[in-house]
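The values are calculated or read from the model by the stated rules, or taken from the named source; none is laboratory data. Since this is a predicted model, take the numbers as computed values, not measurements. Positions of Cβ are backbone-derived with ideal geometry, glycine not excepted, and every protein chain shown enters the neighbour counts.
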Amino acid sequence: QRGNPLLLIDCGPDTLNRFRQRYGEIEPPALFITHTHFDHIGGLESWFYRLMTGNRSPQPRLYIPVKLLPILQRRIADYPNLLAEGGANFWDAFQLIPVSERFWLNHLLFDLFPVRHHEHDTAFGLALKGYFLYTGDTRPIPELLIRYASRGEAIFHDCSVDIGPSHTGLADIRRAYRPEQWRRMIFYHYASEADRLIIEGEGLHAALPGSLYPLSATAAFSPLEIEYPAVEQRHRIEVN
C-alpha cells in the first residue's frame, strides 16, 4: 500500500528471503495463512527465531482462520522448547488475530472463505472487494468468485497443467468459469517454466515470480463494508 508492504499471504520455507530481497531487512507487518501444508507455513519457525533473537518491536500480526489454529498449534507451536534455552512460547513472537469471516487491516476490510483443498475447512482464500481475490490452493470455486469477485477484481488462481484431486487443472478453467472471469485471472502454482508456457499458450495469464500487479478500486462501496476517500487508492500484490 503506497509502496509499503501491507500483508503477506503464506510463509513458505523461502518466502521471507524473497520478501527481504524485495523490501530490505524489515519484517512483514502482517501475515495471513491460507492453509497449513508446509510449503505455506514452513518459514514460520525461522521467523520465530529471528524475532525472538533480534528486534521484536512491533510484533507482526498473524491473521489465522480459526479452523486452522488447532492444526497450526500442533504442526508448529507445540514443538518443545523452540528456543534451546527455553523461556519462550511460539506465540510470544507474534500478535495472533484469529479470524473467521473477515478482518480489518489499515482501514481495509478483507473477506476470507473456505476453498476446496483436501479436507473441508482446512484451506481458505482471501479477497479485498474491488481489488483482488486470492484463491490459495483449490479446486475450482465458481460460486465463491461470483460472491467475492464480481466487481472487476484481479483473480489470483491456483492452476496446474494436469487435473488433480486438490488443485485446479488447466482444463478446469474454461469448463468451470465464464470468459469474463478467466480473462481476469492470473495463474500461479504451476510446476515449471514449461507449464507456464502451456498456460500462456492457451491465451491465459501466468504469474511470474517477483512480478508486481497494480490493483485499483473499480467500484464504490456501501459504508457498511468500507469507505474509500475520493482520491483513488492504489495497491499492488506481489507473487513469490
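Could you check segment 143-184 and list, in sequence order, the residues that are in a loop (DSSP other than H, G, I, E, B) and either under 17 Å from the mean Cα position of the chain (by Cα) or over 25 Å from PRO214 (Cα atoms) (or both)?
Selection gives ALA149, GLU153, CYS159, VAL161, ASP162, ILE163, GLY164, PRO165, SER166, HIS167, THR168.
Residues of segment 128-142 being closer than 20 Å to ASP172 by Cβ and either assigned to a strand (DSSP E or B) or outside the structural domain of ALA207 (by TED's automatic domain parsing) (or both), which ones?
Of everything in segment 128-142, those that are closer than 20 Å to ASP172 by Cβ and either assigned to a strand (DSSP E or B) or outside the structural domain of ALA207 (by TED's automatic domain parsing) (or both) turn out to be LEU133, TYR134.
Run down ILE186, ILE237, ILE226 and say which single residue is modelled with pLDDT of 90 or more, closer than 26 Å to LEU6 by Cβ, aliphatic (A, V, I, L, M) and surrounded by 13 or more Cβ atoms within 10 Å (Cβ to Cβ).
ILE186
Name the single residue that is nearest to ASP92 (Cα to Cα) among those in segment 17-35 being within 12 Å of the chain's Cα centre (by Cα) and assigned to a loop (DSSP other than H, G, I, E, B).
Among those residues, the one meeting the criterion is ILE33.
Could you list, ordered by first residue, the pairs with Cβ atoms under 6 Å in which the first is in segment 1-26 and closer than 19 Å to TYR49 by Cβ and the second is among the polar types (S, T, N, Q), at least 6 apart or interchain?
Pairs that qualify, where the first residue is closer than 19 Å to TYR49 by Cβ and the partner is among the polar types (S, T, N, Q), are ASP10/THR34; THR15/ASN240; ARG18/ASN240.
Yes/no matrix, rows are residues, columns are (1) of a type in the set (D, E, K, R); (2) in contact (Cβ under 8 Å) with a residue 24 or more places away in the chain; (3) more than 19 Å from LEU112 (Cβ to Cβ):
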site: PRO29; (1), (2), (3): no, yes, no
site: GLY43; (1), (2), (3): no, yes, yes
site: GLY54; (1), (2), (3): no, no, yes
site: ILE64; (1), (2), (3): no, yes, no
site: ARG74; (1), (2), (3): yes, no, yes
site: ASN81; (1), (2), (3): no, no, yes
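Could you tell me which residue of segment 87-121 is farthest from the chain's Cα centre (by Cα), considering only residues that are of a type in the set (Gly, Ala, Ser) and more than 23 Å from THR138 (Cβ to Cβ)?
Only one residue tops the list, namely GLY87.
Mind listing just one residue for me: the one in segment 75-113 that is in contact with a Lys or Arg (Cβ under 9 Å, 6 or more places away or on another chain) and polar (S, T, N, Q) and, of those, farthest from GLY42 (Cα to Cα)?
Going through the qualifying residues, I end up with SER100.
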